[in-house]
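**Q** Take a look at this one; I'll ask things after.
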Amino acid sequence: PPRVGGRPRGSGRTATADVPAHPTKPARPHAAPSRAGYIRSASRYQRATASPPIARVPAKRDAPATSQSYTAKTLWFWSPAVRMRLKYTVCLPPGYDLPRNAHRRYPVIYLLHGWPGNTRQWIVQGGLLSSLNALSQEHEIQPMIVVSPEAMPSKNDPVNEYLNSYLGNWETYVYRDLVRLMDTHYRTIPSPRGRAIAGLSTGGYGAMNIGLQHRDVFGLIGSFSGYFILPSTDQLVRNEPELERLDSPMYYLPKLEGSLPPMYLYVGAQDRRHVAENEEFARLLAARHADYFFATYPGGHTWQLWKDHLPGFLIWASRRLA
C-alpha cells in the first residue's frame, strides 16, 4: 500500500510504477498515484508524496467549439497590479456552454509558463488540449477549467519571477487580478479547494512561492522542474537582494506556520541545475509530513519532459480539487 505523508499504512513493499503520461492515450490504471507515496525514479525509489470588460483576441489556432471536447480561447484583460492589458488562454471543459450545465461550477488550474514563454505555450508545446481531451474521454479527470496567463509582455523583458518588485506587481497580478477575473467571468468554485496553481521552470518557482504565500487562495501546488531558491545572479535579486531571503521557499518553508496544501513536484534526472534542489525540497516536505508527490524522470529541462508528464499531474490534481 502507498505511503501518505511519509507514514506507512500497513506493511509490505510499495510497488508503484512510473506515471504514464502519453498526451493522447494515457495508460491505466497507474496514470497517477492515488496519494503521496513512492514512485520509481530513473535509478532508485524516491519519496512521492468589478472587472473591466474583456476583448476577444484573434487567435487562429483556437480549437473549434464542440460539446465533446475542451475548447481554448485567448483573451485580453486589464491588470491593475501591473497597469497593463495582458493575454490569457483559457481552456473550458466539454459542455461548458450547454444550457443543462448553466448552474454547474468548475475547479480551476492556473498554469504558469516559464522564461521565456507565452500564454499559449502549454497548448502548442505542452499538448495541453490533447491531454485534457484524452483524459476526459477516458473519465480520468473531472471537468475542469485551465487558464494560462501571460507574464512576459515583451521578449526583451527581464525575468520578473512572478514577484512583486521594481519590475511590477506580478505576484498580485496572479493571485488577485487573475483569480478575480476568473471568478467574475467564469463559473468557478471560488475557494482554495477549487483552485490549483502550477508551472514549469520559472513558472514552477512562481507557482510554489505564490501558492505557499497565499494558501487562502490556492489549495494545491504543482512545480515541474522548478527551483526554490531565487538565483543570486538574477538582475532582480541583484537590485533587491532581500527578495532572496523573503521569497525563496527553501528558506521560509521550515518556519511556515499552519498546514501545507498538497504538492506535486518532479524534475528530469539529467536536469543538473535543479535535481539536487528538488530533492532537498522534498526532504523538507517529508519533515513537515506534507501530502506531496515527488519523482525524478528520465530527461532534461525540456518540453518533452513537461508534455509527457502533464497528464499525470492533471489526474492527481483532479482527484484532490473540489
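The values are calculated or read from the model by the stated rules, or taken from the named source; none is laboratory data. No experiment lies behind these values; they were computed from the predicted model shown. A quick note on method: Cβ atoms are made from the backbone with ideal geometry, for glycine too, and the neighbour counts reach across all protein chains shown. When the accessible area is computed, the model is the full protein with side chains, heavy atoms only, and any ligands, DNA or RNA have been set aside. Shrake-Rupley method; radii C 1.70, N 1.55, O 1.52, S 1.80 Å.
**Q** For L220, enumerate residues with amide H under 5 Å from its amide H, sequence gap 5+ or separate chain, H modeled in the peptide plane.
**A** Long-range HN contacts for L220: I197.
**Q** Probe radius 1.4 Å, ligands and nucleic acids left out: which of L285, L246 has the largest accessible area, and how do the rest follow?
**A** Final ranking, largest accessible area leading: L246, L285.
**Q** Bins of 5 Å, beginning at zero and ending with the bin holding the largest distance: percent of Cα pairs per bin for region 148-293, please.
**A** Per 5 Å bin, starting at 0, the Cα pair percentages come out as 2, 9, 19, 23, 21, 15, 8, 3, 0.
**Q** When Rg is the radius of gyration of the Cα atoms in region 213-322 and Rh is its Kirkwood radius, what does Rg/Rh come to?
**A** Rounded to two decimals, Rg over Rh is 0.97.
**Q** In terms of modelled amide H atoms, which long-range or inter-chain residues lie less than 5 Å from the amide H of V146?
**A** It is C91, I109, by chain and number.
**Q** In sequence order, what are the phi-derived ³J(HN,Hα) couplings for region 283-297 according to the Karplus relation 6.51 cos²θ - 1.76 cosθ + 1.60 with θ = phi - 60°, rounded to whole Hz, with x for glycine and proline?
**A** Values per residue, Gly and Pro as x: 5, 5, 5, 4, 5, 8, 6, 6, 7, 8, 10, 9, 8, 10, 10 Hz.
**Q** Dipole of region 232-277 (Lys/Arg Cβ +1, Asp/Glu Cβ -1, origin at the Cα centre): which of H274, P249, M263 lies farthest to the positive side?
**A** Comparing the listed Cα positions along the dipole, H274 ranks first.
**Q** Considering all projection directions equally, how large on average is the shadow of the alpha-carbon convex hull of region 73-228, in square nanometres?
**A** The number I arrive at for region 73-228 is 9.0 nm².
**Q** Still on this model: Between Q142 and Q304, 0.36 nm times their residue separation minus their Cα-Cα distance comes to what?
**A** Computed gain between Q142 and Q304 is 55.8 nm.
**Q** In terms of modelled amide H atoms, which long-range or inter-chain residues lie less than 5 Å from the amide H of T188?
**A** Y106
**Q** Tell me, what HN-Hα J-couplings in whole Hz come from the Karplus equation 6.51 cos²θ - 1.76 cosθ + 1.60 at θ = phi - 60° for each residue of region 176-183, using x for Gly and Pro?
**A** 10, 5, 5, 5, 4, 4, 5, 5
**Q** Leaving out ligands and nucleic acids, note down the accessible area per residue over region 195-283 with a 1.4 angstrom probe, in whole Å².
**A** I get 37 Å² per residue for this part.
**Q** For region 66-114, I need the span (max minus min coordinate) of the C-alpha atoms along each principal axis, in Å, sorted largest to smallest.
**A** 38, 23, 17 Å, listed from the longest principal axis down.
**Q** To make sure I understand the rule: partners must be aspartates and glutamates, Cα under 12 Å from the Cα of K87, and not fewer than 8 residues away in the same chain. Which ones qualify?
**A** Cross-link targets: E150.
**Q** In whole Hz and in residue order, list the ³J(HN,Hα) couplings for region 159-174 that follow from phi through the Karplus curve 6.51 cos²θ - 1.76 cosθ + 1.60, θ = phi - 60°; x for Gly and Pro.
**A** 5, 9, 6, 6, 10, 7, 7, 5, 7, x, 8, 6, 5, 5, 4, 6
**Q** Please compute the Kirkwood hydrodynamic radius over region 259-322, one decimal place, Å, based on all pairs of different Cα atoms.
**A** 12.6 Å
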